[in-house]
Amino acid sequence: MNLQTQIFHRGIAATLLQPNIDTDAIIPSREIQRVSKEGLGEALFSGWRYRSAENREPEPDFILNQDPYQGASILLAGDNFGCGSSREHAVWALKDFGVKAILAPSFGGIFFNNCALNGILAIELEENSIQRLAEWVRIDPRGNLLEIDLTAQRIRWREGKEIKFDIEPARRSLLLDGLDGIAATLRHEAAIAAFEDADRDRRPWVYEFPDG
Amino acid sequence: MPDTLLEKLWNLHEVTDLGGRDSLVHIDRIFLHERTGSIALRGLEQAGCGIRAPRRVFCTMDHIVDTRPGRGDITLVPGGREFIEATRHSARKAGIHLFDIDDSRQGIVHVVAAENGIVLPGMSAVCPDSHTCTLGALGALAWGIGSTEAEHAMATSSLRVSRPRSMRVNFHGETAPGVSAKDMILHLIAKFGSRAGRGYAVEFAGPAIRALSMDGRFTICNMAVEMGAFTGMIAPDESTFAYVRDLSFAPRGPLAQQAQAHWRELRSDDGAEFDRELEVDCAQIAPSVTWGANPEQLADINGVVPEPEAFEDRQKSLAARQALAYMDLEPGTPLRSIRIDAAFIGSCTNNRIDDLRTAANYLRNRKKAPWVQAMCVPGSSAVKRLAEAEGLDEIFRAAGFEWREAGCSLCFHAGGESFGGRRVISSTNRNFQGRQGPGARTHLGSPLTVAASACRGYISAAEDSR
Ligand code: SF4
């Protein structure tokens, strides 16, 4: 499970500023037709991106179908982005499409975690910062690229301008190190076993129970 | 120092402090379902990892199984059969508990986990499903995760978690007759917003919560995630202990007594401090129905669809405008004048026995409006059997409702059955765009409101026909 987060990323930013874009809008459940994490990019936003789900005829009004946003790697999003269903397919679809970072005033909680676990940088920024970035990017989407520096925790935009962002230390190191979470936790195996030994005395019913 | 329920639950499960707000937390129970569990099981297999404690992992079939009578593995969901078969195959191979389609314990994962005593007060439980918070009603620490975290939990019996902040919501005063747990939680979300709970574990407290049956409490905690919360919970009390007694996976004999003594400690101490406290006066709550595409977009049954411009918050007024366009509604329209095409009683929010009794009680000797497609989908096979033993199925059928097998059914659209393009009154938890099918316009309400609306064919409260 190698995450290959980009510590530094420069890219085209697309704007999807409406609030409450939920994971079902990011990838409709009907698109999840195989037990697989792969190849979901085509289904990203399919309810909006295609005129009909069957023949995949692009909806020209949808931003990710417009030039140059087909190549967008950053999303400037609205409040509560990724709320709703826990499906990690939403993150896999974004990743497969090529999204590296999402900037929004707030995110759905489970989605926010899923992003970090898959190497996508989800950054919380104030709404007016998002607005300013969106306005600037729209002037010349191909030329006005955003530069995100995870180490320095800042976003560079217009010449000489930057916005700092907060990220919890644990999330940051998860993104920077791209650690395999299971392997990292298994380093605590002795502590887990000791916890369970003590807990078994305290709460035996958690460990020994009738089989239904 | 007085502790909150959250602090007690956290301390009970913290294996190691990882610095900052993060802890390695022991996970007592893991649940899977065929939609997201299949992929987690396969992911582990591919990574060559075993499951650390397979007996503490449970899987059910609920999300995409067919709910029409006589069902088998065949489902209308495209590719659905692969999910069912893959889940069955992986679950058997991994040696976890599997409640398959024909198992007497099959049902919606959060319903099954509670009614079988698999999750008990004080336990930590996770499932790759956002409504896992339902189980907080037992006084458990239960929350939804993604597939990667489900793999992690299975491989290590633990998760790295950021400690949520603590919030308490006090429901004081008494609810009027006809006002249900669903109206209470919808009212809370509408009052404080669908992001008010972000980063918090929310403890629901107060006399009106104590007065609720366990089924009502599940409804409240189920929707904690709709206010953005990490989870919801309710301190266990006599109702909780009576509920879990004799459930099939619950402790028996002396162990049961030991457990109960432990559970009695699981409450916020007097004087415990919360990061945030909210108050709700239950006397203010009326039966309520959503008019928009987010649970906070709610109005009292006596109210009208609001003007988007009336919201001071710019984001809210933008969201309202978009929602009204989607819902095809004009500001100022009285809720009661909105004609519906379908009525759905189901989902882990509102399809336990209490919900079905309430709806059936209303529907006795009544009939749905001729133009309405009405449907009742029990939360589990056990709920269904119990309802049938009480003759509720006959009442639903006589009223013109379809009586289904247990499952998630039309709570969400996976490409199979659909309310696409129609207006639905629904006892579910999400009214997002397309949630019940492309273009489906969902109005959330209590089971009683759904039953009453089905009969009149327009959004209605039970009192409209008294
Ligand atoms: S009933 Fe609906 S909300 Fe509940 S688990 Fe199933 S799909 Fe999710």
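The values are calculated or read from the model by the stated rules, or taken from the named source; none is laboratory data. Because the structure is a prediction, the values reported are computed rather than measured. Note: ideal-geometry Cβ built from the backbone for every residue, glycine included; neighbour counts use all protein chains shown. Each accessible area value is taken on the protein alone, full model and side chains, heavy atoms only, with ligands, DNA and RNA left out. Shrake-Rupley method; radii C 1.70, N 1.55, O 1.52, S 1.80 Å.
Against the numbered list (1) more than 30 Å from B:LEU76 (Cβ to Cβ); (2) within 11 Å of chain B (Cβ to nearest Cβ); (3) modelled with pLDDT of 95 or more, A:ASN80 comes up short only at (3). For the stretch B:439-461, a tally of residues being out of contact with any Pro (no Cβ under 8 Å at 6 or more places or on another chain) and either open to solvent by 10 Å² or more (accessible area, probe 1.4 Å) or at pLDDT below 95 (or both) returns 5.
Each residue in the stretch B:293-319 was checked for being polar (S, T, N, Q), without any contact (Cβ under 8 Å) to a residue 24 or more places away in the chain and surrounded by fewer than 17 Cβ atoms within 10 Å (Cβ to Cβ), and 1 pass. Would you check which residues across the stretch B:349-382 are over 20 Å from B:GLY178 (Cα atoms), under 18 Å from the mean Cα position of the chain (by Cα) and open to solvent by 10 Å² or more (accessible area, probe 1.4 Å) and list them? If the condition is that a residue be over 20 Å from B:GLY178 (Cα atoms), under 18 Å from the mean Cα position of the chain (by Cα) and open to solvent by 10 Å² or more (accessible area, probe 1.4 Å), then B:SER381, B:ALA382 are the ones that fit. Out of the residues in the stretch A:169-205 that are within 8 Å of chain B (Cβ to nearest Cβ), of a type in the set (A, V, I, L, M) and more than 27 Å from the chain's Cα centre (by Cα), state the one that is surrounded by the fewest Cβ atoms within 10 Å (Cβ to Cβ). Here the residue is A:ALA191.
If you take the residues of the stretch B:18-31 that are open to solvent by 10 Å² or more (accessible area, probe 1.4 Å) and under 14 Å from A:THR185 (Cβ atoms), which of them is nearest to the other protein chains (Cβ to nearest Cβ)? Taking the candidates together, the pick is B:ASP22.
Output the helices (runs of 4 or more DSSP H) that fall wholly within the stretch A:103-212 and possess 2 or more residues being polar (S, T, N, Q), or say none.
A:109-117, A:127-139
Note on the stretch B:334-347: among residues that are open to solvent by less than 10 Å² (accessible area, probe 1.4 Å) and in a loop (DSSP other than H, G, I, E, B), the one that is nearest to the ligand (Cβ to nearest atom) is B:SER347.
For B:THR231, the stated conditions hold: it is touching a residue at least 40 places away in the same chain (Cβ under 8 Å), closer than 24 Å to A:GLU168 by Cα, within 19 Å of the chain's Cα centre (by Cα) and within 16 Å of the ligand (Cβ to nearest atom). Scanning the stretch A:66-73 finds no residues that are within 11 Å of chain B (Cβ to nearest Cβ) and under 16 Å from the mean Cα position of the chain (by Cα). Residue count for the stretch B:119-160 under the criterion of being in a loop (DSSP other than H, G, I, E, B) and at the interface with another protein chain (Cβ under 8 Å from one of its Cβ atoms): the result is 8. Here is the figure for the stretch B:394-438: residues that are touching a Phe, Trp or Tyr at 6+ places or on another chain (Cβ under 7 Å), more than 14 Å from the ligand (Cβ to nearest atom) and open to solvent by 20 Å² or more (accessible area, probe 1.4 Å) total 2. Here is a list: B:ALA86, B:ALA94. Which entry is surrounded by fewer than 24 Cβ atoms within 10 Å (Cβ to Cβ) and within 11 Å of another protein chain (Cβ to nearest Cβ)? Testing whether each residue is surrounded by fewer than 24 Cβ atoms within 10 Å (Cβ to Cβ) and within 11 Å of another protein chain (Cβ to nearest Cβ) leaves just B:ALA86.
Just one of (1) open to solvent by 20 Å² or more (accessible area, probe 1.4 Å); (2) within 11 Å of another protein chain (Cβ to nearest Cβ) fails for A:VAL35. It is (1).
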